[in-house]
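Heads up: the structure comes next, in structure tokens.
The values are calculated or read from the model by the stated rules, or taken from the named source; none is laboratory data. As the structure is a computational prediction, the values presented were derived from the model and not from experiment. Because the Cβ atoms are built from the backbone with ideal geometry, glycine has one as well, and the counts that use them run over all protein chains shown. With ligands, DNA and RNA removed, areas are computed over all heavy atoms of the protein, side chains included. Shrake-Rupley method; radii C 1.70, N 1.55, O 1.52, S 1.80 Å.
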Amino acid sequence: LPEFLNSIIAQSYKKLEMIIVNDGSTDDTFGIISRYQEQLENEGFLVKIVNQENCGLGAAVNSGLSLFTGEYLTWPDPDDWLTPDSIEKRVKLLEKHPDIGLLRSNCTRYFESQKKYGENLLKLTDGVERIDEFFWDVLLRRTVLAPVSTMVRSACYLDVYPERKFYT
């Protein structure tokens, strides 16, 4: 969690609304979040913290989705790290291509126990690649849809999920 929060603080794009959902953690998650809250707010981020009884990942995501107000939406997990320009690059790409509703960026696994990077989860490219069969690729497991590497226009998300809920 500290590595994730440090990667957020390091973002070059500072107009972020952070909704942090503590889904009944029994470790020091709430303490860590509390210690970082002031630093995040000093960076200019709007921070909303939700503490709830453990309900599982789907319910935790739904709690966050019920509160967002931003133009774009992404939901990395606390064991993810973002490169400092990750959000900025994705926002610029969506602004440059108003016809794109959802994008997926490159993503690489890191094995903490071995202190090394593993295989790329997604194909690495330098430009924009439109994948007409993306939905089917995800559905049929021909590709990965990692939340950390996904960004969607909020308006597009709300067109599909106006109730702001995934399955639990």
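Only residues that are without any contact (Cβ under 8 Å) to a residue 24 or more places away in the chain and either more than 18 Å from LEU16 (Cβ to Cβ) or small (Gly, Ala, Ser) (or both) were counted in region 27-77, giving 6. For ASP137, the conditions (1) open to solvent by less than 50 Å² (accessible area, probe 1.4 Å); (2) at pLDDT 85 or above are fulfilled apart from (2).
Looking at region 95-128 only, could you name the residues that are of a type in the set (Asp, Glu) and either surrounded by 10 or more Cβ atoms within 10 Å (Cβ to Cβ) or at pLDDT 80 or above (or both)?
Those that are of a type in the set (Asp, Glu) and either surrounded by 10 or more Cβ atoms within 10 Å (Cβ to Cβ) or at pLDDT 80 or above (or both): GLU95, ASP99, GLU112.
Within region 40-62, the residues that satisfy the criterion of being open to solvent by less than 40 Å² (accessible area, probe 1.4 Å) and either in contact with a Leu (Cβ under 8 Å, 6 or more places away or on another chain) or aliphatic (A, V, I, L, M) (or both) are LEU40, PHE45, VAL47, VAL50, ALA59, ALA60, VAL61.
For region 101-123, which positions are farther than 16 Å from GLY70 by Cβ and either touching a residue at least 24 places away in the same chain (Cβ under 8 Å) or out of contact with any strand residue (DSSP E or B) (no Cβ under 8 Å at 6 or more places or on another chain) (or both)?
Kept after step one, since they are farther than 16 Å from GLY70 by Cβ, are these residues of region 101-123: 104-123.
Across region 101-123, the qualifying residues are ARG104, SER105, ASN106, CYS107, TYR110, GLU112, SER113, GLN114, LYS115, LEU121, LEU122, LYS123.
Give the residue that is nearest to PRO2 (Cα to Cα), with candidates limited to residues of region 63-89 that are out of contact with any Ser or Thr (no Cβ under 9 Å at 6 or more places or on another chain) and surrounded by 14 or more Cβ atoms within 10 Å (Cβ to Cβ). If we take residues in region 63-89 being out of contact with any Ser or Thr (no Cβ under 9 Å at 6 or more places or on another chain) and surrounded by 14 or more Cβ atoms within 10 Å (Cβ to Cβ), then GLY64 is nearest to PRO2 (Cα to Cα). Quick check on GLN37: is it part of a loop (DSSP other than H, G, I, E, B), of a type in the set (S, T, N, Q), at pLDDT 95 or above and surrounded by 16 or more Cβ atoms within 10 Å (Cβ to Cβ)? So GLN37 does not fit the description; no. Only a single criterion out of (1) in contact with a strand residue (DSSP E or B) (Cβ under 9 Å, 6 or more places away or on another chain); (2) open to solvent by 50 Å² or more (accessible area, probe 1.4 Å) is not satisfied by LYS92, namely (1). If you filter region 12-34 down to residues that are touching an Asp or Glu at 6+ places or on another chain (Cβ under 8 Å) and open to solvent by 40 Å² or more (accessible area, probe 1.4 Å), you find that the one that is farthest from LEU57 (Cα to Cα) is SER12.
For region 146-168, name all the residues that are in a loop (DSSP other than H, G, I, E, B) and either at pLDDT below 70 or acidic (Asp, Glu) (or both). Walk me through how you get there before you give the answer.
Of region 146-168, the ones in a loop (DSSP other than H, G, I, E, B) are 146, 161-168.
The one that is in a loop (DSSP other than H, G, I, E, B) and either at pLDDT below 70 or acidic (Asp, Glu) (or both): GLU163.
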